[in-house]
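The structure appears right after this line, and notes come after that.
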Amino acid sequence: MVRVEFLGPIQKEALELDIKNLNELASILQDDESMKEWLENSAVAVNDTLVSSREHPLNDGDKIVLLPPVCGG
Amino acid sequence: MLYLYDGGLDVPRILKDWYEEEASSNYGAYIPFIGTIRDEDGIDGLSFDIYEPILESWFKAWQEKAKERGAVIKMAHSRGDVLLHESSYIAAVFSPKRRVALEFIDEFVEDFKASAPIWKYDLRDGQRIYAADRSTAIKGSGILS
């Protein structure tokens, strides 16, 4: 199982999923109407490192976070 | 060093502490940037969420860059609500000579705006409203779309 958390303004509870890579996560979230506005503009980190490819493999216990657009300061 | 505080920053104290920390480090320049919440568009203040694990690794990478140039970078930021005319953000560079610090603070603050995992909300009538139009997608966003 992996845990998926949604940061900042994304109003969504964390998910526990049995998936092997980010392609599978993409399919699940694309079917979720509440995520429509966030998928295009959110970055993804696995175990707190930003990743650039959907092929990124996932292991049991990994933590995935989705980071929507930022504005510090 | 990275310092996070609940609510508005105590600017004089932070600037004084940082000054004193480096007073005998032989830096010729101390260049701070202080961000203050302005009274505009009828807001009552701003509010911030921070994702600390990635903020810390992002800041650590900038500390390394500063070190390569013989400089030191320090940053303070607020969590939660910050009212009008208070400060939510201070960044400062110390370097042997002014040119490095002036250039570095500019690069650092620009990347901070584009990359630091912090989310801003306007405070209006007790509501927290995400500042979507002022926010920037982190580089590499959209891989799940």
Self-check item: Of A:70, A:47, A:28, farthest towards positive along the dipole that unit charges on Lys, Arg, Asp, Glu beta carbons give chain A
Solution: A:70
Quiz item: Tell me, what ³J(HN,Hα) does each residue in region B:68-81 have, in order and in whole Hz, if you take phi through Karplus 6.51 cos²θ - 1.76 cosθ + 1.60 with θ = phi - 60° and put x for Gly and Pro?
Solution: 4, 9, x, 10, 10, 10, 10, 8, 10, 9, 8, 10, x, 7
Practice problem: Using only C-alpha atoms and all pairs of different ones, pull out the Kirkwood radius for region B:70-113 in Å with one decimal. | Solution: 11.7 Å
Practice problem: State to the nearest 20 debye the size of the charge dipole of chain A about its Cα centre, where the only charges are +1 on K and R beta carbons and -1 on D and E beta carbons. | Solution: 200 debye
Practice problem: At 37 °C and 0.692 mPa s, grab the translational diffusion coefficient of region A:3-73 from Stokes-Einstein with a Kirkwood Rh over Cα pairs, rounded to a whole number in µm² per second. | Solution: 263 µm²/s
Practice problem: Return a whole-number percent for the relative contact order of chain B, with Cα pairs under 8 Å and 6 or more residues apart as the contact set. | Solution: 34 percent
Self-check item: Charge sum, other residues only, whose C-beta stays under 12 Å from residue A:26's C-beta, Lys/Arg counted +1 and Asp/Glu -1
Solution: -4
Practice problem: Over the whole of A:37-44, what's the average partner chain Cβ count within 10 Å per residue? Rounded to a whole number, please. | Solution: 6
Quiz item: In region B:41-134, with Lys and Arg counted as +1 and Asp and Glu as -1 at Cβ, which of these residues, B:117, B:45, B:83, has the Cα nearest the positive end of the dipole, that is, farthest along it?
Solution: B:117
Quiz item: Stretched out fully, how many nm does the piece from residue B:39 to residue B:110 gain, at 0.36 nm a residue minus the Cα gap?
Solution: 23.3 nm
Self-check item: For chain A, calculated [θ]222 nm from helices alone, where every DSSP H run of n ≥ 4 adds -39500 (n - 2.57)
Solution: -4500 deg cm²/dmol
Self-check item: chain B, dipole about Cα centre (Lys/Arg Cβ +1, Asp/Glu Cβ -1), debye to the nearest 20
Solution: 540 debye
Self-check item: For chain B: lysine pairs under 29 Å (alpha-carbon distance), excluding those fewer than 8 apart on one chain
Solution: 27
Self-check item: the protein assembly as shown, dipole about Cα centre (Lys/Arg Cβ +1, Asp/Glu Cβ -1), debye to the nearest 20
Solution: 880 debye
Quiz item: Can you give the Kirkwood hydrodynamic radius for region B:1-65, in Å, rounded to one decimal and based on Cα pairs?
Solution: 14.7 Å
Quiz item: Rounded to the nearest 500 deg cm²/dmol, what is the calculated helix-only ellipticity per residue at 222 nm for chain B, with -39500 (n - 2.57) per DSSP H run of length n ≥ 4?
Solution: -10500 deg cm²/dmol
Quiz item: If contacts are Cα pairs under 8 angstrom and at least 6 residues apart, what is the relative contact order of region B:14-90 in percent?
Solution: 44 percent
Exercise. Averaging sequence separations of C-alpha pairs under 8 Å and six or more residues apart, then dividing by the length of chain A, give the relative contact order as a whole percent.
Key: 43 percent
Quiz item: Mean projection of the alpha-carbon convex hull of the protein assembly as shown over all orientations, in nm²?
Solution: 13.0 nm²
Practice problem: Treating each Cα of chain B as an identical point scatterer and ignoring solvent, apply the Debye formula and state log10 I(q)/I(0) at q = 0.21 Å⁻¹. | Solution: -1.34
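Rule-based calculations on the coordinates, nothing more; no lab input. Remember, predicted model here, so these are calculated numbers, not experimental data. When we count neighbours, we look across all protein chains shown, and the Cβ atoms used for this are built from the backbone with ideal geometry, even at glycine.
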